[in-house]
Amino acid sequence: MRRQVWIAFVAMALSVPVAARADDVSDAMKEALKSYDAGKLDAARTALGEAMQLLAQKAATGLGAALPAPLSGWKAEDVETNTASLGLIGGGTLASRRYTNADGKRVEIQIAADSPIVAQLGMIMTNPMLAGAMGKLVKIGD
């Protein structure tokens, strides 16, 4: 009995700070401003970096919501997100999801955002002269 009361007390104590911190991003920005006002520039920079990473994580979660639900007969794995350096695509935000059907066929859909390399490739792909040099140019819609 005494052990159960202690476990309940610890669980309640651990849950209070989580409820009190409704928005980690704004908390990090407030900490950065507080540190900046106090002249603690390194601490301000660290807190701003934390705020930027937290914002990127929220953006990645939103990007993952754009991935489609599985088609009939297919199963989808959980959405995976990444906000760190993405190697060949130069950083940014990535969300991906794998889909499998009953025959064992697999498909993976990835969405990248805020990547400097993807942005540069986008400029190339939308230029008809450059895109045509990479293969047959097909116009779809307007």
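All but one of (1) surrounded by 14 or more Cβ atoms within 10 Å (Cβ to Cβ); (2) assigned to a strand (DSSP E or B); (3) of a type outside the set (A, V, I, L, M); (4) at pLDDT 90 or above hold for Lys75; state the number of the condition that does not hold.
(1)
Does Ala47 satisfy the criteria of being crowded, with 16+ Cβ neighbours inside 10 Å and on the phi < 0 side of the Ramachandran plot?
yes
Failed condition for Gln57, given (1) outside the structural domain of Asp27 (by TED's automatic domain parsing); (2) at pLDDT below 90; (3) of a type outside the set (D, E, K, R), with all others met?
With (1) outside the structural domain of Asp27 (by TED's automatic domain parsing); (2) at pLDDT below 90; (3) of a type outside the set (D, E, K, R) applied to Gln57, the lone miss is (1).
The values are calculated or read from the model by the stated rules, or taken from the named source; none is laboratory data. The model shown is predicted, which means the values in this text are computed figures rather than measured ones. We place every Cβ from the backbone using ideal geometry, glycine too, and count neighbours over all the protein chains shown.
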